[in-house]
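Down below is the structure, laid out as structure tokens.
The values are calculated or read from the model by the stated rules, or taken from the named source; none is laboratory data. Note that the structure is a prediction, hence the values are computed from the model and not measured. Note that we place each Cβ from the backbone using ideal geometry, even for glycine, and neighbour counts take in every protein chain shown.
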Amino acid sequence: MADYVRADEVAIAPEIPEPASIALSSDPGESLLRRHVDEFLKSPGAVAGLAVLVALALVAVFAPAIAPQNPYDLSKLDIMDNVLKPGERLGSGITAFLGTDDQGRDMLSAIIYGLRISLAVGAISVVIACVIGASVGVLAAYAGGRVESVVMRIVDLQLSFPAILVALILLAIFGRGVDKVVLALVIVQWAYYARTVRGSALVEKRREYIEAARCLALPKSRVVYRHLLPNCLPPLIVVATVQVAHAIALESTLSFLGVGVPVTEPSLGMLIAHGYNYLLSGKYWISTFPGVALVIAIVAINLVGDRLRDVLNPRLAR
Amino acid sequence: MLVYLIRRLGQSLLVVAVMATLVFVAMFAVGDPIDILASPDADQIERDAIAKRLGLDRPLWEQFGLFVWRALHGDLGRSFVYNVPAVDVILQRLPATLELALVGLVFSITIGIPLGVLAGLKPYSWLGRSIMSGSILGFSLPNFWIGLMLILLFAVELRILPAGGRGPVVSVLGIPTAAFSLEGLRHLILPALTLALYKSALVIRIARAGTREVMLQDYIRFARAKGLSRSRIIFVHVLKNIMIPVVTVLGLELGSMIAFAVVTETVFAYPGMGKLLIDSINRLDRPIIVAYLMMTVVIFVIINLIVDLLYAAIDPRVRLAEAKG
């Protein structure tokens, strides 16, 4: 563990001459994490973003306990309650603060459950894509030569086509389903991480500690995964955070287009698509409020991601 | 240069060939078009007849060979739904999408450059900061929802713009277009604005970075020393110099705008290629999907090729590096 923390510092301040970084790591009073946390907390916007994000995540996890109604329990729905305005009361006595949809579903409950699916799809797809992309990127950088050029050609090729189009076609092939959406998002995202990690791995690979690890005749896998990869993490964390927002937006777009999640597990994008038909007759709430929830989540993630970028890599251009 | 040109052309052709194979194989996984085309109570004989008529009863490799042969002759099959060549169906919709993309491009420049230059002149003022935050939103907000909110505001509440569709089409120089009538333009404003949001966020960033860089140059200092007015410095000296990266990036992004139009066209029920793609996916109209993808691949490959060749023509280092590796 000590090994890891110390190695990390080199990646964060690679321009600092050796004595300075030794001084930092030999100071027992201030850990690296502590320094980053302090730095992060200096931005009120980022702290607000993080608070909102944590609140949304908690709401999503504890949806069944928080939502006024289980929107997918058909026995709880009453068709007489359909398309109620925000603030009207349902037959069952619940006040629908955000109105109801065409099935008589309380929109607030539907949004809470939708948030669950949107956040889960975004987070899971980013984690999987990140693991795959980072492994490919670091291996390509370490291997070099022909392997590297072939892998990077594939990455370039993939990145030259817009993600939305690739995901759309993949989902047309796979069919609908939460797992399939995650798979499609992984396929369109891995290349970003591969490129990011390869970029930093190329720099790190020439440093002395890698040379030292090689001289110790450590196995290749150990050099790559225990020494090289941890030092490529900071930019990766930044990219991954912002990418969660992109993944959520992409998922909602795909669901809006009708190729995303199935009707039985509606995400926020799906709820917006439902409301589309009612929008033109002035029944705005079915599309508007899920969209507002989506926007809040995305803005919060971006605030956190932006601050992380400043904290983890001060030299990176905004 | 010739060596580079040949190498680069070869690469492009390889990409097209690989994508053609992928697209063709993928289409077989999409689903059986006969399920959609035959009436639900059709018996096996009727289904076989449809399969035979469409050539779906032959072995896969034979269908692929035929597909390649015909594609090389510009024939990408007949639409199952419209029963006319798929290429014709798409070409018929192409002007609408191009019109949308071009108007969107104009919007993204007219929104992006002034805001980007403003933010670049005063990067640490509240104005500069809020423009940058706005551009982050433009990057990350779901585009389709913004489109819906624009419909809600301008078409449903204010009732000053139409909610969707394309205006009356007139033929100008043989190209059907709606951009030359007031009604047509009114239909274009909202979709083009929605499509332009993402790109204007991009333009803001490039223009801001460019302005910050140019303002530090000696020729700007000299222009100031000469006593030129601030507006002349900005409009002539700064603007000219930041246009180069903006134009390069926007040229590259034109292809992705055509792809992004899929979303915008669906929101605004705009009869372009993108809407056609979504409809065809839902109806399993394989030839249209294949033709759309092949055309998009070719458009992207051509744009990338042109950009690379231009770079190579301008910068000898590019072609030297390529010739070596």
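A few notes on this one:
- Restricted to the range B:56-95, and to residues there that are among the acidic types (D, E) and within 26 Å of the chain's Cα centre (by Cα), the residue that is surrounded by the most Cβ atoms within 10 Å (Cβ to Cβ) is B:D75.
- Conditions (1) more than 8 Å from chain B (Cβ to nearest Cβ); (2) hydrophobic (A, V, I, L, M, F, W, C); (3) crowded, with 24+ Cβ neighbours inside 10 Å: number failed by A:V292: (3)
- Every listed requirement among (1) assigned to a helix (DSSP H, G or I); (2) over 19 Å from A:L303 (Cα atoms); (3) touching a residue at least 40 places away in the same chain (Cβ under 8 Å) is met by A:H36 save one, (2).
- For the range A:249-271, the candidate set comprises residues that are of a type in the set (A, V, I, L, M) and under 16 Å from A:A110 (Cβ atoms); within that set, the residue that is farthest from the chain's Cα centre (by Cα) is A:V263.
- Checking the stated criteria, A:L280 turns out not to satisfy the condition of being over 25 Å from A:D310 (Cβ atoms) and at pLDDT 85 or above.
- Hey, A:R176 among the basic types (K, R), touching a residue at least 12 places away in the same chain (Cβ under 8 Å) and either out of contact with any helix residue (DSSP H, G or I) (no Cβ under 6 Å at 6 or more places or on another chain) or surrounded by fewer than 18 Cβ atoms within 10 Å (Cβ to Cβ) (or both) or not: yes
- Close pairs (7 angstrom Cβ cut-off, 6 or more residues apart or separate chains): surrounded by 12 or more Cβ atoms within 10 Å (Cβ to Cβ) in the range B:3-28, in a helix (DSSP H, G or I) and among the basic types (K, R) anywhere: B:Y4/B:R319; B:M27/B:R286
- Leading residue by the ranking (nearest to the other protein chains (Cβ to nearest Cβ)) among those in the range B:221-242 that are touching a residue at least 40 places away in the same chain (Cβ under 8 Å) and β-branched (V, I, T): B:I242
- Complete set of residues in the range A:256-281 that are of a type outside the set (A, V, I, L, M) and more than 10 Å from chain B (Cβ to nearest Cβ): A:G260, A:P262, A:T264, A:E265, A:P266, A:S267, A:H274, A:N277, A:Y278
- Hits in the range B:129-156 - residues which are more than 9 Å from chain A (Cβ to nearest Cβ) and crowded, with 19+ Cβ neighbours inside 10 Å: B:I131, B:S135, B:G138, B:G147, B:L150
- Residue in the range B:208-216 that is surrounded by 14 or more Cβ atoms within 10 Å (Cβ to Cβ), among the polar types (S, T, N, Q) and at pLDDT 90 or above present: yes
Conditions (1) free of Cβ contacts under 8 Å to residues at least 60 places away in the same chain; (2) over 30 Å from B:V81 (Cα atoms), marked per residue:
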| position | (1), (2) |
| --- | --- |
| B:T211 | no, yes |
| B:L252 | yes, yes |
| B:A269 | no, no |
| B:M273 | no, no |
| B:N282 | yes, no |
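- Only residues that are at pLDDT below 90 and either closer than 30 Å to A:R222 by Cβ or hydrophobic (A, V, I, L, M, F, W, C) (or both) were counted across the range A:109-137, and they come to 1.
- Positions within the range A:159-172 being surrounded by fewer than 18 Cβ atoms within 10 Å (Cβ to Cβ) and either more than 7 Å from every other protein chain (Cβ to nearest Cβ) or over 24 Å from A:R195 (Cβ atoms) (or both), in sequence order: A:L159, A:V166
- Qualifying residue in the range B:116-126 (condition: away from chain A (no Cβ under 12 Å), modelled with pLDDT of 85 or more and closer than 28 Å to A:I248 by Cβ): yes
- The range B:22-57, residues that are more than 14 Å from every other protein chain (Cβ to nearest Cβ), modelled with pLDDT of 75 or more and in a helix (DSSP H, G or I): B:Q44, B:I45, B:E46, B:R47, B:D48, B:A49, B:I50, B:A51, B:K52
- Some residue of the range A:95-108 being surrounded by fewer than 17 Cβ atoms within 10 Å (Cβ to Cβ) and out of contact with any helix residue (DSSP H, G or I) (no Cβ under 9 Å at 6 or more places or on another chain): yes
- Tallying residues that are more than 11 Å from every other protein chain (Cβ to nearest Cβ), over 17 Å from A:V259 (Cα atoms), part of a helix (DSSP H, G or I) and within 17 Å of the chain's Cα centre (by Cα) within the range B:243-290 yields 8.
- Count of residues meeting criterion [surrounded by 14 or more Cβ atoms within 10 Å (Cβ to Cβ) and at pLDDT below 50] in the range A:5-60: 13
- Residue within the range A:64-76 that is surrounded by 13 or more Cβ atoms within 10 Å (Cβ to Cβ), over 24 Å from A:A123 (Cβ atoms) and more than 31 Å from the chain's Cα centre (by Cα) present: yes
- Within the span defined as the range A:235-254, every residue fails to be more than 8 Å from chain B (Cβ to nearest Cβ), surrounded by fewer than 23 Cβ atoms within 10 Å (Cβ to Cβ) and free of Cβ contacts under 8 Å to residues at least 24 places away in the same chain.
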